[in-house]
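The values are calculated or read from the model by the stated rules, or taken from the named source; none is laboratory data. Just so you know, these numbers come straight off a predicted model, no measurement behind them. We place every Cβ from the backbone using ideal geometry, glycine too, and count neighbours over all the protein chains shown.
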2 protein chains.
Amino acid sequence: MPKPQNVKGMRDQMSQAMLLRQHIITTLMRIFERHGFEPLTTPVVEYAETLEGKLGDEEKLIYRFEDHGGRKLALRYDQTVPLARVVAQYSGQIALPWRRYAIGPSYRGERPARGRYREFWQADVDIVGSASPLADAEIIAVLTESLKALGFPEFVTLLNHRQIIGGIARVSGLDEEAASGVYRAIDKLDKIGAEGVRAELIASSVSEAAADRILELVLLDGSPHDVLAELEQQLGDDERAVAALNNLRAISAALADIGVPTTRYRVTPRLARGLSYYTGAVFETITSHWPQGSLLGGGRYDDLIGLFSGQAIPTVGLAFGIDRLHDVMEELNIGPRLANPARAFVTIFSPDQTAASLQLARELRDAGINVITALASDQGLGKQFKEADRKGVPFALVLGPDELARGEAVVKDLATGEQRTVPRSEVAAALANTIEA
Amino acid sequence: MPKPQNVKGMRDQMSQAMLLRQHIITTLMRIFERHGFEPLTTPVVEYAETLEGKLGDEEKLIYRFEDHGGRKLALRYDQTVPLARVVAQYSGQIALPWRRYAIGPSYRGERPARGRYREFWQADVDIVGSASPLADAEIIAVLTESLKALGFPEFVTLLNHRQIIGGIARVSGLDEEAASGVYRAIDKLDKIGAEGVRAELIASSVSEAAADRILELVLLDGSPHDVLAELEQQLGDDERAVAALNNLRAISAALADIGVPTTRYRVTPRLARGLSYYTGAVFETITSHWPQGSLLGGGRYDDLIGLFSGQAIPTVGLAFGIDRLHDVMEELNIGPRLANPARAFVTIFSPDQTAASLQLARELRDAGINVITALASDQGLGKQFKEADRKGVPFALVLGPDELARGEAVVKDLATGEQRTVPRSEVAAALANTIEA
């Protein structure tokens, strides 16, 4: 037999990891459905031609193969291109604007590294077919509610618009081509710092004065209201920038209506976001508890979803990286840290007590408590306690002949070793209380 | 752009299908965790050598490919072989007996047909590392509770043991080799009928008298107690059959203890189950409402899980075919038939009512109701009602200036067209009541 090993860069999720992951997924699903997002699942496998020509340099990372009839297939590398396919394929059934979410794995043959996997899970939410700033605001509201529900103590969403960096470059006297160079330089701000960006701009023949003005504007920070007002003053002559500012102001107003306080987001002109497919507002959520990078990001992309149907379909959305959320929550100790779904292990005192013990387990399950039972009725209690403890089950229950006769049961806390005897009819309630406490 | 199409044999799951599927998966997870089964997720992709040599004739159905470093990979075709890999790979972390469940897709390049897909979802539950009949009984209890919780009105589990058909052949005077021929003939009983099986047996040089006796025993039916007693009488001379009967009797006793009534299962000697890896008890659940085939099946397989660790690890388990359950539930009209997760569509009466409408949506969400809001505030109400109806949302809410001034809102039932005005503060409660009614 070959050595048992998982594929490099693709992870097995054992019980404790899965219980946290399920908590994340269930929480996200609840918030998504609260806003009427419809679930969609597409196959992990697509025809290769569906996925080709959309990833640029990363195209080489696609896993490709052939089916048994020689047709070219590939593993999806995101859930956005399949969404575009679905929007075109089922156009008759889908009532736009369409809120859809999708949660599942995607695949890229990346070099595995900390936080980067070849099989990675994403939870996507998109509003397809609406150019309304209400849609952008709703996506940001969903992410805000989601992170709150997951228990993140502190986070803020940086908000920008594609046409603002361009506008800053243009009002600083740069032409269209030089402006896109500014975009690339700003994208490196976190890596090389303001001085690095300044040096890079000057090296690409931007004047010192222009570079200084660009940096001053790009680094504006403060309340959304103040930053928008300041940008309005500075960019008032650039038509596209003014439209972008008006769009951000409308999104900001919608965020207020929808219940996202201004403490939860900032207008941040330096936010570039790598993906070239964004066409409007872009955003990225950060937390000071996770300085290594952003928690998630998204934005408006009005061209990609219409690719297969041959018409622009305005869309705004974001993807939660489930692996990222998982890793951060583990590190910050947020969310459940359960090794086992069961809260109690019902021992079997002796073979002739089997029926009574299974009956007790049944009562507890009917009361909504997850319970595991001993399977080897000829083992001593000590071994059974050890088994329960090894599995990470917090409590063991004992129903010996004495307890049975007196209508009682013993509840043993496996962490402290403490035991107490409670009336049989109150075991479920006692256990539930203990768990809550 | 290529024609937008999903890969043949792999299905897109749109909202209504997904809402039913999620209901199935959530229900199964709840029951599995109620019994302390731990969730496990393994990657969809495995090293090809992990999966090879275990599928017999079906091996050619595996999807194979190479990663970017030329390593041979494959898509998993079930969740059992990955379980065997995990048991060997993490043997130090896993406390046996180990209850684990896994829910996810697997892949086989089958010829697509009604109910047979190339991407198919399964929910597996297995108890690894226990030979106890309590384990077999628990798996049957889990399937019984699961189907009840899903709302199946009627079903029964057929129970048999691998050594019973063999024993029947042996006591009918056949040698070991002829006995395995009997097994193959019985497996066709549903297809070719008793007469067909009889003819096939006789054609393979079984005497008429032996064929008659075999059929008589194999077709025994009745209460578990009666069938076991009758088989005991007939097979008392065959040691392996006696051991099998004792095992079924122990499972039957455990089923009583665990709360599965004898109306929910039958001992059925004719149940063969195709898979050759079963070594002990086998079972299959049928419902007369779905005469096309079994709902699910499973059994004890003591050799496969130990393959990678080089030692037998007694295991019993089953797989729910999620696609099968889904198709049957759709046909029998069991489970939710929701087109959209949202229960109400909050219209926007006019642009200046946007904030008030979004505020109402927020109140409803806080009350636990899934709500969708209009995104185009400049559309008439008629258009918005139509949009809500097309999306399958049952109610629309209207908050015009009059309602707002009077502290009221209009609740419109989109199926009947009926409208009523309720105090604003009671909208959430009124909507919840209406939904319940």
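Miscellaneous remarks
- Test for residue A:105: is it assigned to a loop (DSSP other than H, G, I, E, B), over 21 Å from residue B:339 (Cα atoms) and of a type outside the set (A, V, I, L, M, F, W, C): no
- Some residue of segment B:412-421 being closer than 20 Å to residue A:135 by Cα and either in contact (Cβ under 8 Å) with a residue 60 or more places away in the chain or crowded, with 18+ Cβ neighbours inside 10 Å (or both): no
- If the condition is being away from every other protein chain (no Cβ under 14 Å) and at pLDDT 90 or above, then segment A:249-277 contributes A:249, A:262, A:263, A:264, A:265, A:266, A:267, A:268, A:269, A:270, A:271.
- Among the residues making up segment B:162-187, a single one is closer than 26 Å to residue B:251 by Cβ and assigned to a loop (DSSP other than H, G, I, E, B): B:172.
- Checked against (1) closer than 17 Å to residue B:339 by Cβ; (2) buried (at least 21 other Cβ atoms within 10 Å of the Cβ), residue B:427 passes all but condition (1).
- Within segment A:7-60, the set of residues being facing another protein chain (nearest Cβ under 9 Å), acidic (Asp, Glu) and over 30 Å from residue B:338 (Cβ atoms) comprises A:12, A:49, A:52.
- All conditions in (1) closer than 19 Å to residue B:321 by Cβ; (2) modelled with pLDDT under 95; (3) surrounded by 14 or more Cβ atoms within 10 Å (Cβ to Cβ); (4) not hydroxyl-bearing (Ser, Thr, Tyr) hold for residue B:181, with the sole exception of (1).
- Every condition in (1) out of contact with any Pro (no Cβ under 9 Å at 6 or more places or on another chain); (2) within 14 Å of chain A (Cβ to nearest Cβ); (3) under 24 Å from residue B:338 (Cα atoms) holds for residue B:388 except the one numbered (1).
- Subset tally (residues that are among the small types (Gly, Ala, Ser) and either crowded, with 17+ Cβ neighbours inside 10 Å or closer than 14 Å to residue A:217 by Cβ (or both)) for segment A:260-283: 3
- Residue within segment B:195-215 that is part of a helix (DSSP H, G or I), assigned by TED's automatic domain parsing to the domain that holds residue B:304, free of Cβ contacts under 8 Å to residues at least 12 places away in the same chain and under 23 Å from the mean Cα position of the chain (by Cα) present: no
- Inside segment B:95-116, residues that are more than 8 Å from every other protein chain (Cβ to nearest Cβ) and surrounded by 20 or more Cβ atoms within 10 Å (Cβ to Cβ) make up a count of 7.
- Residue check for residue B:244: surrounded by fewer than 22 Cβ atoms within 10 Å (Cβ to Cβ) and at negative phi: no
- Residue in segment B:187-205 that is farther than 30 Å from residue B:34 by Cα and touching a Pro at 6+ places or on another chain (Cβ under 9 Å) present: no
- Any chance residue A:51 is aliphatic (A, V, I, L, M), buried (at least 22 other Cβ atoms within 10 Å of the Cβ) and farther than 30 Å from residue B:98 by Cβ: yes
- Hey, residue A:366 more than 37 Å from the chain's Cα centre (by Cα) and surrounded by fewer than 19 Cβ atoms within 10 Å (Cβ to Cβ) or not: no
- Candidates B:365, B:420: the one that is basic (Lys, Arg), farther than 21 Å from residue A:260 by Cβ and touching a strand residue (DSSP E or B) at 6+ places or on another chain (Cβ under 8 Å) is B:420.
- So residue A:8, is it surrounded by fewer than 19 Cβ atoms within 10 Å (Cβ to Cβ), of a type in the set (Lys, Arg) and either assigned to a helix (DSSP H, G or I) or in contact with a helix residue (DSSP H, G or I) (Cβ under 8 Å, 6 or more places away or on another chain) (or both): no
- Verdict on residue B:124 being in a loop (DSSP other than H, G, I, E, B) and either crowded, with 24+ Cβ neighbours inside 10 Å or more than 10 Å from every other protein chain (Cβ to nearest Cβ) (or both): no
- Scanning segment A:25-75 for residues that are closer than 30 Å to residue B:395 by Cα, not in a loop (DSSP other than H, G, I, E, B) and not acidic (Asp, Glu) gives A:25, A:26, A:27, A:28, A:29, A:30, A:31, A:32, A:34, A:39, A:41.
- Of the criteria (1) facing chain B (nearest Cβ under 8 Å); (2) touching a Gly at 6+ places or on another chain (Cβ under 7 Å), which one residue A:88 fails: (2)
- A Cβ distance below 6 Å, combined with a sequence gap of six or more or placement on separate chains, defines the contacts here; from segment A:371-384, residues that are within 11 Å of chain B (Cβ to nearest Cβ) and under 18 Å from residue A:343 (Cα atoms) reach no residue that is in a loop (DSSP other than H, G, I, E, B) and aromatic (Phe, Trp, Tyr).
- Against the conditions (1) over 15 Å from the mean Cα position of the chain (by Cα); (2) of a type in the set (Gly, Ala, Ser); (3) at pLDDT 95 or above, residue B:312 satisfies every one except (3).
- Count of residues meeting criterion [among the acidic types (Asp, Glu) and under 14 Å from residue A:211 (Cβ atoms)] in segment A:174-196: 1
- Test for residue B:50: is it at pLDDT 95 or above and either within 20 Å of the chain's Cα centre (by Cα) or within 30 Å of residue B:145 (Cβ to Cβ) (or both): no
Yes/no matrix, rows are residues, columns are (1) surrounded by fewer than 23 Cβ atoms within 10 Å (Cβ to Cβ); (2) modelled with pLDDT of 95 or more; (3) touching a helix residue (DSSP H, G or I) at 6+ places or on another chain (Cβ under 8 Å):
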site	(1), (2), (3)
A:286	yes, no, no
A:302	yes, no, no
A:330	yes, no, yes
A:343	yes, no, yes
A:348	no, yes, yes
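- Residue within segment A:222-230 that is under 27 Å from the mean Cα position of the chain (by Cα) and in contact (Cβ under 8 Å) with a residue 60 or more places away in the chain present: yes
- Residue B:146 being in a helix (DSSP H, G or I), in the same structural domain as residue B:37 (by TED's automatic domain parsing), at pLDDT 95 or above and within 27 Å of residue B:84 (Cα to Cα): yes
- So residue A:159, is it buried (at least 17 other Cβ atoms within 10 Å of the Cβ) and not in a helix (DSSP H, G or I): yes
- Selection count, segment B:191-237, where residues are over 17 Å from residue B:164 (Cα atoms) and exposed (fewer than 12 other Cβ atoms within 10 Å of the Cβ): 7
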